[in-house]
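Taking it in order: structure first as structure tokens, then the write-up.
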Amino acid sequence: MNQEYDLHLKEAKGEIEDSADLESLKKLEVELLGKKSVTTQAKRSLGNLEPEERRELGSVLNETRTKLEEMLLVKRKELESELMREQLESERLDLTEFDRGHRLGHRHVVTQTWERLEDLFIGMGYTVSEGPEIEDEWHNFGALNFPLGHPARDMYDTLYVDYGEPMSTLLRTHTSPVQIRVMEEEEPPIYSIMPGRVFRSDTADATHMPVFHQIEALVIDKGITFGDLAGTIETFTTAYFGKDFESRLRPSYFPFTEPSAEFDIRHPGGKWLELGGCGMVHPEVLKAGGLDPEEWQGFAFGFGLDRLALMRHEIDDLRELFRNDYRFLTQF
């Protein structure tokens with residue numbers, strides 16, 4: 001009798017192990033333990049046996065059923081674990097990142113322009129001077145010969161800071177205040193450039209930004225003439241843009257220079273492009289800087305760093321420089 005149920009267990013074990021999924025295992029469980037299973041049918045016939053035989057067969061059937069339940073439980077856990085692994089694998093988030101290698105830092109095109117200009121003027125014997133971006137009204141306007149009614153003093157052009165007396169403190173509108181500070185602090189002769197960030201109450205468009213960069217040059221010495229100014233601009237133009245470029249001066253007006261001019265550059269065969277303003281330092285500006293205009297003369301010129309970068313790299317829209325588009329900036 002035991003041999004019969006041992007064979008049944010052996011066959012059942014093989015069928016259980018061959019079950020590929022929980023659905024097939026569930027059907028097999030019904031066959032092995034359900035109403036029509038071998039053990040259930042045998043239990044129903046126990047009442048027809050003698051007491052001794054009934055006890056012996058009952059024990060065998062219980063043992064057989066227990067082993068079947070254990071084998072089914074082990075297989076069920078195995079299939080459930082496999083199903084869980086497959087589910088986790090299908091739902092797994094790949095948090096790895098493709099290694100693109102290490103990239104070196106890249107200087108912004110405005111920074112490149114700034115540093116190139118500094119190197120160029122240092123090579124010409126100039127020093128580099130800096131000043132505060134938050135400036136007082138006197139250094140930004142008064143010392144530079146701006147009359148009280150000048151449009152530049154209007155709040156629509158200038159960003160004033162709420163500090164001290166009304167309209168006494170502002171974000172500098174140009175780098176020219178540094179010229180006054182240099183004259184106040186240094187003994188002439190002076191050959192210096194003043195690069196820096198400036199601020200205007202402008203709406204951003206293709207040619208204007210409320211925050212931009214300028215560079216100015218100041219020369220104070222004895223016997224300085226307008227011819228020295230023209231020669232310096234010509235030397236700068238050739239050194240920065242190349243020998244094929246030429247420059248010209250056009251009469252203009254600035255409160256802080258007299259006479260004043262604007263200077264343009266042109267590639268042979270091309271159009272003249274306005275670059276910046278220049279002129280001989282006004283006697284009143286020399287006095288404001290603590291210098292005697294009868295003894296010292298000088299010239300100054302300046303232009304936008306950002307505009308220079310646009311011209312050199314043929315960029316159409318100033319805003320592109322400040323949108324932080326890595327693809328655009330790495331071209332330069």
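The table below lists the values:
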{"quantity": "Residues of segment 275-297 satisfying the condition of being over 16 Å from Glu184 (Cα atoms) and either among the hydroxyl-bearing types (Ser, Thr, Tyr) or outside any loop (DSSP other than H, G, I, E, B) (or both)", "calculated": "Leu275, Gly276, Gly277, Cys278, Gly279, Met280"}
{"quantity": "Residue list for segment 189-243, restricted to those being within 17 Å of Thr257 (Cβ to Cβ), loosely packed, with under 14 Cβ neighbours inside 10 Å and under 38 Å from the mean Cα position of the chain (by Cα)", "calculated": "none"}
{"quantity": "Residue check, Gly105 outside any helix (DSSP H, G or I), among the small types (Gly, Ala, Ser), touching a residue at least 60 places away in the same chain (Cβ under 8 Å) and under 30 Å from Ile315 (Cβ atoms)", "calculated": "no"}
{"quantity": "Restricting segment 285-319 to residues that are of a type in the set (D, E, K, R) and surrounded by fewer than 15 Cβ atoms within 10 Å (Cβ to Cβ), the residue that is modelled with the lowest pLDDT", "calculated": "Glu314"}
{"quantity": "Test: residue in segment 125-148 that is at pLDDT below 90, surrounded by fewer than 17 Cβ atoms within 10 Å (Cβ to Cβ) and over 20 Å from Phe303 (Cα atoms)", "calculated": "yes"}
{"quantity": "Those residues of segment 153-188 which are exposed (fewer than 15 other Cβ atoms within 10 Å of the Cβ) and of a type in the set (Gly, Ala, Ser), in sequence order", "calculated": "Gly164, Ser168"}
{"quantity": "Single condition Gly242 does not satisfy, out of (1) among the small types (Gly, Ala, Ser); (2) closer than 30 Å to Arg319 by Cα; (3) in contact with a strand residue (DSSP E or B) (Cβ under 7 Å, 6 or more places away or on another chain)", "calculated": "(3)"}
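Listed here are the residues, each with its yes/no results for (1) among the hydroxyl-bearing types (Ser, Thr, Tyr); (2) assigned by TED's automatic domain parsing to the domain that holds Arg307; (3) in contact (Cβ under 8 Å) with a residue 40 or more places away in the chain.
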| residue | (1), (2), (3) |
| --- | --- |
| Glu97 | no, no, no |
| Gly101 | no, no, no |
| Glu115 | no, yes, no |
| Ile122 | no, yes, no |
| Glu130 | no, yes, yes |
| Glu133 | no, yes, yes |
| Asp136 | no, yes, no |
| Gly142 | no, yes, yes |
| Phe146 | no, yes, yes |
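Each row is one residue, and each column tells you yes or no for (1) free of Cβ contacts under 8 Å to residues at least 12 places away in the same chain; (2) part of a strand (DSSP E or B); (3) closer than 20 Å to Cys278 by Cα; (4) of a type in the set (D, E, K, R).
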position	(1), (2), (3), (4)
Val198	no, yes, yes, no
Thr203	yes, no, no, no
Asp228	no, no, yes, yes
Phe236	no, no, yes, no
Ala239	no, no, yes, no
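The values are calculated or read from the model by the stated rules, or taken from the named source; none is laboratory data. The shown structure was predicted, so the numbers you read here are calculated from the model rather than taken from an experiment. Here Cβ is always computed from backbone atoms with ideal geometry, including for glycine, and neighbour counts include all displayed protein chains.
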